[in-house]
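Undergrad: For reference, the structure I am asking about is given below.
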Amino acid sequence: MTITSDKGRKGDGDEIIKYNEIPISLIEIGKLLLKLWENEDKIYPPPRFRGAQMPKDFIDELFEKREMTDDMLRRFKLGKYKHD
């Protein structure tokens, strides 16, 4: 997985974010999240398990902290962070 960026055209500091050299937008991220949450609800069905709530909580914490830490990944049982 490679995440890169190029200079955007919408103003100073704008970047075009790319995943494996393919530009992505919030639409693609939204579609990806919907599939992820659907899958989490299937394999960890509520109310017995947290289902999609677990990745949502992870994303919420990631938004608040603006960094991904090994501690965060451990608490959400996601493995170790491979620093880019």
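Undergrad: Return the pair list, or none, for Cβ contacts closer than 7 Å from residues in region 53-72 that are modelled with pLDDT under 95 to residues that are surrounded by fewer than 10 Cβ atoms within 10 Å (Cβ to Cβ), at least 6 apart or on different chains.
TA: Listed pairs, sorted by first residue: Asp70/Lys80.
Undergrad: Quick check on my filter: what residues within region 43-84 are over 18 Å from Ile29 (Cβ atoms) and small (Gly, Ala, Ser)?
TA: Gly51, Gly79 - these are the residues of region 43-84 that are over 18 Å from Ile29 (Cβ atoms) and small (Gly, Ala, Ser).
Undergrad: Can you name the condition, by its number, that Lys7 falls short on among (1) over 19 Å from Leu78 (Cα atoms); (2) more than 13 Å from the chain's Cα centre (by Cα); (3) touching a residue at least 12 places away in the same chain (Cβ under 8 Å)?
TA: Every condition holds for Lys7 apart from (3).
The values are calculated or read from the model by the stated rules, or taken from the named source; none is laboratory data. On a predicted model such as this, the values are computed, not experimentally measured, just so you know. In this analysis, Cβ positions are derived from the backbone assuming ideal geometry, glycine residues included, and neighbour counts consider all displayed protein chains.
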